[in-house]
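Structure first, commentary second.
The values are calculated or read from the model by the stated rules, or taken from the named source; none is laboratory data. Computed from a prediction, not measured in an experiment: that's the story for all the values here. Backbone-built Cβ (ideal geometry, glycine too); neighbour counts: all protein chains shown.
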Amino acid sequence: MAWLKGSLDSKKNVLGDELYAQSLCKALNNLPGVEIAELYAPGYEPRENLDIMIYVNRTPPKKEIAKKHVLYLQNAYSEGSYEVLKDLRQYGYDGYAFISNSLLKLHENDGFSGIFLPFGVDTSVFYPREVKREYSFEVAYIGNDIKLDRTDKYLLPGAKFNFGLFGRWPEEKKENCLIFFLKSLFKVLIGREKIKKYFTKKYKKEYKKVFPKISRGKIKQEDAPVLYSSAKINLNCTAQDCVDWNVITLRNFEVLACKGFLISDKTPIAEIALRDCIVFTDGGRDLEKKIKFYLQNEEARKRISENGYNYVIKNATIDARARELLEYIKTIIK
């Protein structure tokens with residue numbers, strides 16, 4: 001990966017890339033034919049030449065450390081995954097893997113090959129836990145300040161309830177002199193109401209006023225499954241790039257693997273595959289209504305979460321993903 005290892009022990013949020021890659025390495029190491037699979041990062045390079053290196057961020061291949069190189073495009077990007085992909089293909093990877101089947105199809109139409117490798121959950125870590133009183137919130141979410149407008153729509157309504165919000169949610173920075181000057185200038189040029197609307201949309205997010213005050217900070221990673229199991233309702237908010245490319249994100253599977261009840265925003269693939277496993281929302285008032293409804297309907301929550309758990313065990317484990325990846329690797333290093 002492109003980042004330093006050790007996010008579990010840092011004061012910052014846990015790095016999803018690191019946890020997912022570690023779980024994938026663990027699953028690969030359990031498969032016949034794999035001598036070793038390990039997560040490398042800046043400052044932690046392999047000591048000998050490898051058969052294959054898989055890059056989980058937008059990192060140019062390092063020809064000196066491996067014989068073959070695969071790009072696993074499994075992040076969300078503000079400029080769009082396809083634009084990032086077109087830029088990275090110039091480096092000539094030997095293979096490509098995608099969490100988006102739509103992006104894979106576009107990649108294939110461009111004359112390249114690859115595989116669809118959606119997320120999988122490590123069920124040795126994420127599994128149903130005993131409910132703990134300190135995590136028995138009405139609503140819960142673990143995350144950070146990267147979803148912007150979608151945060152107001154799909155997470156902020158949770159603040160009206162007993163909300164177990166975890167993660168680093170920094171307070172909004174005070175307006176600097178340049179912004180103040182630009183506002184003053186634009187008020188003269190285009191009118192007070194137009195500039196108020198523009199800056200409110202671009203810079204002012206309602207959650208920035210609320211979440212820094214109610215966030216409980218970083219949760220211990222070993223407690224995340226306990227939270228998912230204990231909270232009455234878990235929320236999911238998907239990055240816009242993942243919505244655009246029709247992705248089911250890892251949080252969905254992690255919550256469901258713990259038999260947690262989940263209300264999520266929509267992607268077409270999730271609405272089909274997880275139709276009876278989670279509850280979908282349009283956000284805002286719709287989300288608030290659904291939270292109220294399911295808080296009062298425990299049996300419905302249990303039935304839906306049971307469906308979700310069964311789906312993950314059958315279709316979305318990290319062990320299944322590791323087997324798919326290994327078969328693809330064999331076609332590259334044969």
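Of note:
- For region 229-241, the criterion of being in contact with a Lys or Arg (Cβ under 6 Å, 6 or more places away or on another chain), part of a helix (DSSP H, G or I) and more than 24 Å from K314 (Cβ to Cβ) is satisfied by at least one residue.
- Number of positions in region 279-334 that are over 30 Å from G33 (Cβ atoms) and among the hydroxyl-bearing types (S, T, Y): 4
- Total residues in region 1-52 satisfying the condition of being touching a residue at least 60 places away in the same chain (Cβ under 8 Å) and aliphatic (A, V, I, L, M): the figure is 9.
- Whenever a residue of region 226-247 is outside the structural domain of R150 (by TED's automatic domain parsing) and on the phi > 0 side of the Ramachandran plot, it has no partner that is surrounded by fewer than 22 Cβ atoms within 10 Å (Cβ to Cβ) and modelled with pLDDT of 95 or more lying with C-beta atoms less than 7 angstrom away and at least six residues away or across chains.
- Criterion violated by G143 - all others in (1) within 16 Å of the chain's Cα centre (by Cα); (2) modelled with pLDDT of 95 or more satisfied: (2)
- Checking each residue in region 52-76 for being part of a strand (DSSP E or B) and either under 24 Å from N109 (Cβ atoms) or not aliphatic (A, V, I, L, M) (or both) picks out I54, Y55, K67, K68, H69, V70, L71, Y72, L73.
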